[in-house]
Amino acid sequence: MINFVILCGGSGSRLWPKSREKLPKQFLKVTNDQTMLQNTISRILKIQSIIKNHEYKIVIICNKDHFHIVKNQIHELNLHCKVSIISEPKGRDSAPPICLASLISPEEDYSFIMPCDHVLDDDSFAQTCLTGITYLEESIVTFGIKPSYIETGYGYIKTNENNETIDFIEKPNYLSAKKYFEDSNYLWNAGIFAFKNKNMKLCFENYAVDILNNCKETLENSLFKESNISDCDYEYIELANEPFVNCRSISIDYAIMEPLCKDFSSNIKKITIPYNFHWNDIGSFSALYNELEKDASGNVFVFNRNGNVTCIETKNCFIDSKKPIVATIDIENLVIIDTEDVLLICNKDNTQKVKNIVNIFKEKKAPQLLFHQTVLRPWGSYTILDGDDNSGFKVKRIEVLPGKRLSLQSHEFRSEHWVVSKGTAKAIVGEQEYILNSNDHIYIPLKTVHRIENIGTNMLEFIETQIGNYLGEDDIVRYHEDF
C-alpha cells in the first residue's frame, strides 16, 4: 500500500487578506479553477496512474476547523479511492503529523509526504516519484528542486554525485545562497518525502522518541469514524486534544532529517531525487504573481467575472479586486489586494513583510485575520452584509444546505430577527416550533434557546439582523450541535 499524505495545515498568513485562518490558501482557487488542495489530489492521481502494482490511499492531515472544508472539496472531485482525514486540534509543525502518518498504517506500507501549496509540472513530477519508488525499501527519500535563481527564502539540501543526502540547511544569507546556486550539489528543499513506515518510525525512536510516544498515546485516545463521500470510502480520525496539544512543535527537518544525516552509524540510507522541472511554492504574493499569466505590461489582474480594469502607465503589478471597475494611473511593481473588508497595498519586492502586518493585527485581535466576509460552516455559510461586533447591529445573509441545521443555542448579549428569503425552514424558539417559508419572519429574544433547520430540498436563505451591545461570534452558548 502507498499512502499519499497531504500536509494541509497552516494559515497562509503571507497571502493575507486572500488567505485567512478559517479559510487559508490551501482551500482557495489561486492558480486555476481548482483549490490548491484539489490540485494536490489531482497530482496524486497522476502519480498513481504511472506507479503500477500497488494499492493506494490518500491521507489528508488538517486543522480540526477545516475538516468540513476538506470533506466538501473531496466531494467536488468525485474521487473513487480510499481517503483518511486526520484533524489536528492544534498545528504542531511537520514532524508530529509525519510521525502520525507512519503510525496509522502498517509498517510495511510506503508513505509519500506532500505539501499542498506547491505548483509543479505534474507529469514530470510523477516520473520523478516513480524513480523514488526504487529506493524506498532502505532509504528515506527526499525530493530536491534544482535552483533556478538565488533564493534566501528556501531551505537547501546538500547532496553528492550519487544523490546521497549529506545535509539539510536552513534558509541561508545571500552570499551562502549565491554559493549554493552555483554548486550543483545543493538543491532547494521542497518538503516532499517518501519512506517505508517502518524506517520512519525507527527514526523517531532514535531521534525524537518524545514525539513518537505522544503520537502513539494520541491515537489510542482519538475518535475513529468511517463513512463515504460519493463513491469514496473515507476514514475520519479526530485526534485527541491531549496529549497532542502538548507535543513538541518542530519541523521534520530539525527533528529527524538533520540528526539522521549526522548519524553515520544508521543503517537507514538517505537519498535525494532531483526534480529539474517547473516548481513554485505559493508562499507569497510575489510567488503567486510569478505563477499567473501576465499582460503585455507585465501585469496580473484577478477580478470577479464581470470585473474590468482601465490602466494608464501601469507596469508589473498584481491587482486582485472584488470591485466591478478598477482604474490605475502611473503605478509600477505594486501588489494590490482588495477584498470585501480589507485593502492591502505593498511593493511587490517586499511581500514577505505581509506577515509583519498580520502580527500587528494579531495583537489587536482583528477578526479579519480569522474570517472572510463570507464564512464557510459545516451546515452552509454566512456573509456579513453590514455592522460589526461593536456597532450595535449586524446584518448577515445565512445559507443552510438541505437537511442541515445550526446548533441549538442562545446568546447572552443579542437578540435576533430572521427573515426567510428562499426555501423552507423549521425554527425552534424557546418551547415553540415554527415552519417558515419565503417572506416569513420571526424574532428571537435575548437569551432564548433557538435553532433553525432546512427541511426543504433546496438551499435555505434567510437574513439575520442582530441587535445588542456586543455581537461577536463567541457570544454563543451551544446546547447541541451535529458537527
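Values quoted throughout were computed directly from the atomic coordinates according to the rules given, and no laboratory measurement underlies them. From a predicted model like this one, the values you see are computed outputs, not experimental measurements. Positions of Cβ are generated from backbone atoms using ideal geometry, with glycine treated the same way; all protein chains shown enter the neighbour counts.
When the alpha carbon gyration tensor of segment 293-360 is reduced to an equivalent ellipsoid, the three semi-axes, largest first, read 20, 16, 9 Å. 3J(HN,Hα) couplings calculated from phi for segment 154-166 with the Karplus curve 6.51 cos²θ - 1.76 cosθ + 1.60 (θ = phi - 60°) are, in sequence order, 10, x, 10, 10, 9, 10, 10, 5, 9, 6, 6, 7, 9 Hz; Gly and Pro show x.
Charges only on Cβ, +1 for Lys and Arg, -1 for Asp and Glu: so what's the dipole of segment 293-360 about the Cα centre, in debye to the nearest 20? Each step should come with its number before you reach the end.
On the way: 8 positive and 10 negative charges, 35 e Å.
In debye, rounded to 20, segment 293-360 gives about 160.
Determine by what factor the alpha-carbon radius of gyration of segment 1-48 differs from 2.2 N^0.38 Å, reporting the quotient.
Working: Rg = 12.0 Å, N = 48, 2.2 N^0.38 = 9.6 Å.
Dividing the Cα radius of gyration by 2.2 N^0.38 Å gives 1.26.
Would you kindly work out the equivalent ellipsoid of segment 373-480 from its C-alpha gyration tensor and give its semi-axes, the square roots of five times the eigenvalues, largest first in whole Å?
Details: eigenvalues 81, 49, 33 Å².
Listed largest to smallest, the semi-axes of segment 373-480 are 20, 16, 13 Å.
Two decimals, Cα atoms only, Kirkwood Rh: what is Rg/Rh over segment 252-351? Could the numbers behind the result be given before it?
Working: Rg = 20.8 Å, Rh = 16.6 Å.
Rounded to two decimals, Rg over Rh is 1.25.
Could you rank the peptides 190-196, 61-67, 97-103 by their average count of other C-beta atoms within 10 Å per residue, with the highest value first? If you can, show how the numbers build up before the last one.
Values: 190-196: 23.3, 61-67: 20.7, 97-103: 25.1.
Going from most to least packed, we get 97-103, 190-196, 61-67.
Pairs of Cα atoms nearer than 8 Å and 6+ residues apart set the relative contact order; for segment 76-169 it is 11 percent. Dipole orientation for the chain: of the candidates Phe168, Gly9, Ile360, Ile360 has the Cα lying most toward the positive pole (charges on Cβ; Lys, Arg +1; Asp, Glu -1). Taking the average, over residues, of other Cβ atoms within 10 Å as the packing measure, peptides 172-178, 359-365, 68-74, 399-405 rank 68-74, 399-405, 172-178, 359-365 from highest down. For the pair segment 409-427 and segment 143-195, the centres of their Cα atoms are 56 angstrom apart. Compared with the dominant principal axis of the Cα atoms in the chain, helix 209-220 is inclined by about 40°.
Among Lys29, Lys57, a tally of other beta-carbon atoms within 10 Å of each Cβ gives an order, fewest to most, of Lys29, Lys57. Look at where the Cα atoms of segment 283-357 and of segment 73-136 average out, and the two centres are 33 Å apart. Relative to the Cα centre, the charge distribution of segment 384-454, modelled as +1 at Lys and Arg Cβ and -1 at Asp and Glu Cβ, gives a dipole magnitude of about 180 debye. With contributions of -39500 (n - 2.57) from each DSSP H run of at least four residues, the per-residue ellipticity at 222 nm computed over the chain stands at -6500 deg cm²/dmol.
Note on the chain: with charges restricted to the Cβ of Lys and Arg (+1) and Asp and Glu (-1), its dipole about the Cα centre is near 380 debye. Note: relative contact order over the chain, using C-alpha pairs below 8 Å and six or more positions apart, is 14 percent. Sorted from greatest to least, the principal axis extents spanned by the alpha carbons of segment 2-281 come out as 50, 41, 40 Å. Kirkwood's formula applied to the C-alpha pairs of segment 169-294 gives a hydrodynamic radius of 18.5 angstrom. Here's the picture: charge each Lys and Arg Cβ at +1 and each Asp and Glu Cβ at -1 in the chain, and of Ile463, Cys247, Leu187 the one pushed furthest to the positive end of that dipole is Ile463.
Find out how many positive minus negative residues lie around Asn458, taking Lys and Arg as positive, Asp and Glu as negative, among other residues whose Cβ is under 11 Å from that of Asn458.
Numbers: positive: Lys422; negative: Glu399, Glu461.
Net charge around Asn458: -1.
When the pairs Lys29/Lys322; Lys52/Lys146; Lys25/Lys225; Lys362/Lys404; Lys22/Lys355 are compared against a 25 Å limit on Cα-Cα distance, Lys52/Lys146; Lys25/Lys225; Lys362/Lys404 fall above it.
Of the residues Lys447, Lys315, the one with the fewest other Cβ atoms within 10 Å heads the list, and the complete ranking is Lys447, Lys315. Projecting the Cα atoms of Thr134, Leu202, Val335 onto the dipole axis of the chain, where Lys and Arg carry +1 and Asp and Glu carry -1 at the beta carbon, places Val335 farthest toward the positive end.
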